1. Do we have residue 182 as within 18 Å of residue 73 (Cα to Cα), surrounded by 12 or more Cβ atoms within 10 Å (Cβ to Cβ) and at pLDDT below 85 here?
2. Just need a number here: residues in segment 24-60 that are at pLDDT 75 or above and part of a helix (DSSP H, G or I).
3. Answer yes or no as to whether residue 159 is outside any helix (DSSP H, G or I), over 13 Å from residue 71 (Cβ atoms) and modelled with pLDDT under 85.
4. At least 3 residues that are in contact with a helix residue (DSSP H, G or I) (Cβ under 6 Å, 6 or more places away or on another chain) and at pLDDT below 90 in each: list the helices (runs of 4 or more DSSP H) lying fully within segment 303-392 that qualify.
């Protein structure tokens, strides 16, 4: 069983090579399992491996599994003729002899067969593709056995027949089954990802539409009231103010969405963290007073980061405002800024209702809000987008009824560097 042993060894090397190529391609996270160019390179390398570790019966006769990569590449990628040509050329390097011309006959015919079968191959089901691949392999093995009989080679017929009829077909069955499984898994993941993305877009579109429609409907109503001739100047002024507030509200929703969808920083500038956060705290003091919330701040001196002033303020304002609103019965909002190891850490801590791990993991998802119907969810989406655009990170820790801590880290930008 010497031929069988050598072909099993050949098969083990080939399977290791093929599976390495498959798992390498999976790490690329691209829609296609492998590109045609990469498949061609892998196919030629696999052919060379098979021939290099072939069983040498005579100086002109070598037995191996070179047909396996050719059939796989031909049926799945449409590169059968190219790989067949590669086999003929590589075999020619070992000498132009009887074995070379037999290869020319077998793989010339195989190239033509694969060229004709490839367009029909992808119209079949997964199971049918496996059957076709194994069938073509068996046909190639029969052709090899036929040339062996024509050449009246001196070898163990039982060993040779078993080796050529069983091992290549077994190798093809294992390989194609793996490829079909991986393809099915990839397609399933892509469908899930696509459906999730569509669901997110639909949810966001419906929610944003709702948030914009409400103030516009109110504004439209007051415009209709303004059209009445009996309206007093005082009422006219009041209605115009309400219309302006409604339009401002709609504009803010659109601005939040645009910031989320395009989180890039258009203009970089040096930001004094203490100054920027102080400005935000001043803006939030009336809101904090309404909720009986005490705001405390502790700043490390000379802390600077690089970013967009408006977007940075928007990010921090959203997080602080959420913290205040989570303390409906009063509490404390602490802002602590530290500088260490070329990092600026901004910690925003509240003593509000807190969040579960599931709620923390969902923060930043399209239109998810812990405020229920009262929240648009765009605030946290914007905050996370701005942090990413400034090359920063955010960590969130929370405990129900004890509060939440947002810890932001940004690269230091020294004014003296």
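1. The answer is yes for residue 182.
2. Of the residues in that region, 17 qualify.
3. no
4. Fully inside segment 303-392 and qualifying: 309-325, 378-389.
Every residue, every condition in (1) outside the structural domain of residue 40 (by TED's automatic domain parsing); (2) surrounded by 22 or more Cβ atoms within 10 Å (Cβ to Cβ); (3) in a helix (DSSP H, G or I), yes or no:
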{"site": "83", "(1), (2), (3)": "no, yes, yes"}
{"site": "89", "(1), (2), (3)": "no, no, yes"}
{"site": "94", "(1), (2), (3)": "no, no, no"}
{"site": "101", "(1), (2), (3)": "no, no, yes"}
{"site": "106", "(1), (2), (3)": "no, no, yes"}
{"site": "112", "(1), (2), (3)": "no, no, yes"}
{"site": "118", "(1), (2), (3)": "no, no, yes"}
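The values are calculated or read from the model by the stated rules, or taken from the named source; none is laboratory data. Fair warning: this is a prediction, and the values are worked out from it, not measured in the lab. Glycine also receives a Cβ, built like all others from the backbone with ideal geometry; neighbour counts cover every protein chain displayed.
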